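Every read-out reported here was derived from the displayed coordinates using simple, explicitly stated rules and does not represent laboratory data. Fair warning: this is a prediction, and the values are worked out from it, not measured in the lab. Quick reminder, even Gly has a Cβ in these numbers, built from the backbone with ideal geometry, and neighbours come from all protein chains shown.
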Amino acid sequence: MTLTADTGIGALGDPSGPGPAQLPPIPDGAVMVTVTIQRFNPELDEAPHRESYRIPALPTDRILNLLHYIKWYIDGTLTFRRSCAHGICGSDAMRINGRNRLACKVLVKDVITDKKTEVTVEPIKGLPLEKDLLVDMEPFFEAYRKVQPFLITHSNEPSREWIQSPEDRARFDDTTKCILCAACTTSCPVYWSEDAYVGPAAIVNAHRFIFDSRDQGGQERLEILSDAEGVWRCRTTFNCTDACPRGIEVTKAIQEVKRALMFRRI
Ligand code: SF4
Ligand code: FES
């Protein structure tokens, strides 16, 4: 099917959509997709609601492309966060068809089929909603800062670099990959229900330093994570591991921190 710009592009239920002249040419191979987005304007709305847009998309487009299309051609007030568009910065975590994903890493063909051409996009859960798909990340970063995510040393400065064996480096290799997107933390039911829990991402970033042979602040971090807001709140639901766009074994990292706490040995 060849699509033309008069294929009903625009917000569903709004007859005053953009005219064909205002729209970019539709590429060969595009299909019509309905994108349903949770919208919320704190200045106008009492509660979030959903709005749907019918737009053309290529199977290889990313969900972020669809959001850009809606913002640039249909509704410039649509608000979301993104930066790199290449899965590096971690700023566009959102719920896509109910799962925490990075909008720049999910392709249209991953979420639609011949029978189902609708995609639902919502903000991540458990953080204060600011507008549309934008949440306040401050509680997330507060928990991150709490675990002291930096190298701590108490001994005299060495006269040359700290030597680390490949085996020692391998102990925390997985957790160095974190891009702080919050997909793990905001997929955790414990985090949704208990404000105080530091959440998986903070523990992943504590793990990265606790198991670094050059670091000397491991016991301090374990102390922080042993309190009521720490690792013992984890119920091992594995949502975090499923959600991580970097493939980090989040639950395994949490278990390793729990074990280090139990045996007081890093
Ligand atoms: S562990 Fe994975 S899901 Fe969690 S913040 Fe880091 S990159 Fe994102
Ligand atoms: S925009 Fe940077 S990770 Fe998606």
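Give the long-range amide H neighbours of GLU130: residues separated by 5 or more places, or on another chain, with amide H under 5 Å away, using H modelled in the peptide plane at 1.01 Å from N.
Excluding prolines and chain starts, which carry no amide H, the hits are VAL135, ASP136.
Please report the Cα spread of the range 113-266 along all three principal axes, rounded to whole Å, starting with the longest.
Result for the range 113-266: principal-axis Cα extents of 62, 35, 28 Å.
Relative contact order, percent, of the chain when contacts are C-alpha pairs under 8 Å separated by at least 6 residues? Spell out each step's value before the answer.
Details: 462 pairs, mean separation 41.1, N = 266.
Dividing the mean separation by the residue count of the chain yields 15 percent.
By the gyration tensor of its Cα atoms, with a ≥ b ≥ c the square roots of the eigenvalues, what is the shape of the chain: rounded for a/c under 1.5, prolate for a/b over b/c, or oblate? Don't skip to the end; give the middle numbers.
Working: a/c = 2.79, a/b = 2.22, b/c = 1.26.
It comes out prolate by the Cα gyration axes.
Give me the net charge for the shell around THR117: Cβ to Cβ below 15 angstrom, other residues only, Lys and Arg +1, Asp and Glu -1.
0
Given axes a ≥ b ≥ c from the Cα gyration tensor, I'd like to know whether the range 10-134 is rounded (a/c under 1.5), prolate (a/b larger than b/c) or oblate. Could you put the intermediate results ahead of the total?
Values: a/c = 1.59, a/b = 1.15, b/c = 1.38.
In terms of gyration-tensor shape, oblate.
Sum up the charges of everything whose Cβ sits under 10 Å from the Cβ of GLY87, counting Lys and Arg as +1 and Asp and Glu as -1, but leave GLY87 out.
Numbers: positive: ARG62, LYS105, ARG246; negative: ASP92.
Charge balance in the 10 Å sphere: +2.
If you filter the range 94-183 for chymotrypsin sites (Phe, Trp or Tyr not before Pro), then keep DSSP loop positions with at most 14 other Cβ within 10 Å, what is left?
Working: sites: PHE140, PHE141, TYR144, PHE150, TRP162, PHE172; in loops: PHE150, TRP162, PHE172.
Counting only loop positions with at most 14 other Cβ atoms within 10 Å, the chymotrypsin sites (Phe, Trp or Tyr not before Pro) in the range 94-183 are PHE150, TRP162.
Could you line up MET32, MET137, MET94, MET262 from fewest to most neighbouring Cβ atoms inside 10 Å?
Listed from fewest to most nearby Cβ atoms, that is MET262, MET32, MET137, MET94.
Do any trypsin sites (Lys or Arg not before Pro) in the range 163-250 lie in a DSSP loop with no more than 10 other beta carbon atoms within 10 Å, and if so, which? Mind showing how you got there, number by number?
Values: sites: ARG169, ARG171, LYS177, ARG208, ARG214, ARG221, ARG233, ARG235, ARG246; in loops: ARG171, ARG214, ARG235, ARG246.
Passing sites in the range 163-250 are ARG235.
If the cut-off is 16 Å between C-alpha atoms, which lysines fall inside it for LYS71, apart from same-chain ones fewer than 8 positions away?
Reachable lysines: LYS131.
At a threshold of 8 angstrom on Cα-Cα distance, excluding pairs fewer than six apart, so keeping six or more, what relative contact order does the range 136-266 reach in percent?
Working: 170 pairs, mean separation 40.9, N = 131.
Relative contact order of the range 136-266: 31 percent.
Quote the relative contact order of the range 1-93 in percent (integer), defining contacts as alpha-carbon pairs under 8 Å separated by 6+ residues.
Details: 115 pairs, mean separation 24.2, N = 93.
26 percent.
Trypsin sites (Lys or Arg not before Pro) within the range 1-107: which are DSSP loop residues with at most 11 other Cβ atoms inside 10 Å? Kindly include the intermediate steps, with their values, before the conclusion.
Values: sites: ARG39, ARG50, ARG54, ARG62, LYS71, ARG81, ARG82, ARG95, ARG99, ARG101, LYS105; in loops: ARG81, ARG82, LYS105.
In loop regions of the range 1-107 (DSSP not H, G, I, E or B), there are no sparsely surrounded trypsin sites (Lys or Arg not before Pro).
Looking only at Cβ-Cβ distances, which cysteines of the chain have no other cysteine closer than 4.7 Å?
That list is CYS104, CYS178, CYS181, CYS188, CYS234, CYS244.
Using a Gaussian network model of the chain with C-alpha springs under 10 Å, which one of ILE70, ILE124, ILE152 is most mobile by mean-square fluctuation?
Of ILE70, ILE124, ILE152, the most mobile in the Gaussian network model is ILE152.
Which of these, PRO245, PRO59, PRO158, has the largest mean-square fluctuation under a Gaussian network model of the chain (Cα springs below 10 Å)?
PRO158
In what order do VAL31, VAL198 fall by count of nearby beta-carbon atoms within 10 Å, going from fewest to most?
Numbers: VAL31 16, VAL198 25.
Starting with the residue having the fewest Cβ neighbours, the order is VAL31, VAL198.
Could you work out the local net charge near ASP75, counting Lys and Arg as +1, Asp and Glu as -1, over the other residues with Cβ closer than 11 Å to its Cβ? Display every interim value, and only then the final one.
Working: positive: ARG39, LYS71; negative: ASP14, GLU51, ASP132.
Net charge around ASP75: -1.
For a quick check: with amide H placed at 1.01 Å from N, whose amide H comes under 5 Å from ILE124's, ignoring anything fewer than 5 positions away on the same chain?
Distant-sequence amide H within range of ILE124: ARG95.
Taking θ as phi - 60°, what are the ³J(HN,Hα) couplings along the range 231-248 by the Karplus curve (6.51, -1.76, 1.60), each to the nearest whole Hz, with x for Gly and Pro?
Along the range 231-248, the couplings run 4, 5, 6, 5, 10, 6, 8, 6, 3, 5, 5, 4, 7, 5, x, 9, x, 6 Hz.
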